[in-house]
Amino acid sequence: MSAEIERPFEGSGEDEIQQLHSLAYLVVSRQPHPRNVLEVAVHLEDSGYGNEAARALGFRDVFHLAEAVWERIPLYQTPEEIEKPSPIGWFRKAAEQYFRGVGYTAPWMMSVLMLFITRVALWSSLSASQEVATAVSLAFFTATVCAGAVSQVFALRALFYLGQNNWILFRWIATRAIVHGSAVSALVIALVFRFAIAPAYGPAYGNLFLEYALAIYLFQIALAPLYLLRRILGLAVTTAIALVITWFAIWNIERVNSGAYFGQAVQQAQILGLVIAGAGALIGVYSYAVLRSRRQLRRLLPEEIGDGPHDRAVRRAPIRVQIPRFLPVWRQLWPYALYGMGYFCMLFVDRIVAGVHFGALQGVHHYVYPPTYELTTDLATLELFPMMGFVFYFMTELSDRFLGWMMRYRVTESEGFHRTLLRFFITRVALLAVIGIAVGLAAPPVLLHLPATLIAPILVAGPPYQWALHLAALTYGVLPVGLFASQFLFFWGVRFASALAVWAGTLCGGLVAAMTVNGSDAYAVFGMVTAICVFAAVTVIVGIRTARRGDLQLYASY
């Protein structure tokens, strides 16, 4: 790269130098303290100085122009308030981020704990009949797949608006994604009920499926904004409300019926808890977004709102918040919906195959809840509690280090940045793999020493289910690798790779499970192994390619 292209105005006339000073003043007027050259480039392009305008001024692209403007920005800045260094040390900060990530599993942990204590949780019951367990499981699968798609669409765009502290557009995307997504999800649930559930399971269990599917969907969607806003306490409170309502209703039934309760009453109590807690959480989050939106409007539009003193002698152009149309936004978001749906299909495909095989053994041609296999795989998922903290910490670490890397490496000379990024990605993947495998090896002996009343089916069923537990635990130890790699790709705006990975894992896992399940439904675990390993392998390979490529496409996600 020639010095003339990098600095075409050195030694040039006054008009050209003045142009750079004008652009520096323009950037500072928009953002008094830009953090790096990349932000300068964003503001220049947003003001109409894109690559075409940069070339007209003698620069190769907007990034080279931004570097020349960046050098002159200090001339137009007022000194920033000096920030005191944080007294929190590295270890304490890392521990806080780790336990925050573990806190995201609070709804799951609280439900499991309640199940062990009372034998009844939000949509689980250790005393449910096989028919009820089948209907509830299918409802859980359907609702979770739908909620996964909607949550991904909402989280991606809402996170972008939260980064801008734009609560007006946060409320806009929350309304559009959740309302429109829920309408589509209700249609999907209705179609599954009409063509797959009602004909095979009859009206009574079909209606139970419908009630649970809608209630579970509402509860999971209510948790999505709380996850995004990092309201760990809100997650815990929402789950606790659902559990308390459920157990209070069951306790009241037992009190009225002299210590006995009926299965149908327990099911209605669970649905009541899910619906009340889910609706309450949604109302609370939306009210919070409305409140923040009004505060932002008062700050942006004092003339119209009448908030605070202002000089009426000076005419100011009103600041407008441009609300986008949803259809163009949806064109950017649909791959993430595909990922959210496919991720849970990947996790459920082996269980569906095992249930279909279990039903075939009973002489029916549809899914029947396989209790021993479900217990085996559910126990193995408990090891994800500690592992999710590492995934959250490593993604937070990436976000924290990103700006430092931007300050260290020039945008137009990004080889060093890509080497640093690749080293970070590979080391974190390796750490997750080592920790996950270690936890996967250590978890089964601990799980097999739980009270016999909880794991009796596995002990009675014999060795196939016990080594299936070992294999499932080891596989779930690998899952965080794929989760971290997929989040890494989302961080850089790589849209299709993660969706391709989960659907490739789903198809391969379903095929392997169908080929191996004939001996016993315990062999469906090979489908789980295949699905998760394919997912992790594809996302890691694409993540390495993304980290090492030397073009400027990575910066488009900023």
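The values are calculated or read from the model by the stated rules, or taken from the named source; none is laboratory data. None of these values were measured; they are calculated from a predicted model. Cβ sites come from the backbone with ideal geometry, for glycine too, and all protein chains shown count toward neighbours. The protein model used for the area step is the full one, side chains on, heavy atoms only, and it has no ligands, DNA or RNA in it. Shrake-Rupley method; radii C 1.70, N 1.55, O 1.52, S 1.80 Å.
Farthest towards the positive end of the charge dipole of the chain, among the residues Pro225, Val356, Leu75, is the Cα of Pro225, using unit charges on the Cβ of Lys, Arg, Asp and Glu. For the peptides 148-155, 187-194, 465-472, the ranking by packing is 148-155, 465-472, 187-194, with the highest mean count of neighbouring Cβ atoms within 10 Å listed first. At q = 0.15, 0.17, 0.19 Å⁻¹ the log10 of I(q)/I(0) for segment 93-220 amounts to -0.86, -0.99, -1.09, computed by Debye summation with a single uniform scatterer per C-alpha, solvent ignored. To the nearest 10 degrees, how steep is helix 371-381 against the longest Cα principal axis of the chain, on a 0 to 90 scale? Once rounded, the angle reads 30 degrees.
The H on the amide N of Tyr369, modeled in the peptide plane, is under 5 Å from the matching H of Thr134, each at least 5 residues off or on a different chain. Can you pull a Stokes-Einstein diffusion coefficient for segment 209-269 at 4 °C (1.567 mPa s), Rh from Kirkwood over Cα pairs, as a whole number of µm²/s? For these conditions, the coefficient is 99 µm²/s. Placing +1 on the Cβ of every Lys and Arg and -1 on the Cβ of every Asp and Glu, with nothing else charged, gives the chain a dipole about its Cα centre of roughly 720 debye.
Most tightly packed first, judged by the mean number of other beta-carbon atoms within 10 Å of their residues, the peptides 390-396, 24-30 read 390-396, 24-30. Modelled spin labels at Phe160 and Ala240, positioned 7 Å past Cα toward Cβ, are 3.7 nm from each other.
A Cβ-based charge dipole, computed about the Cα centre of segment 139-270 with Lys and Arg at +1 and Asp and Glu at -1, lands at about 420 debye. Judged by the gyration tensor of its Cα atoms, with axes a ≥ b ≥ c, the chain is prolate; a/c meets the 1.5 cut and a/b is the larger of a/b and b/c. With respect to the chain, whose longest principal axis is taken over its alpha-carbon atoms, helix 496-516 is tilted by about 20°.
Please report the carbon-and-sulfur percent of the accessible area for segment 113-223; probe 1.4 Å, protein heavy atoms only, DNA, RNA and ligands left out. Carbon and sulfur: 68 percent of the exposed surface of segment 113-223.
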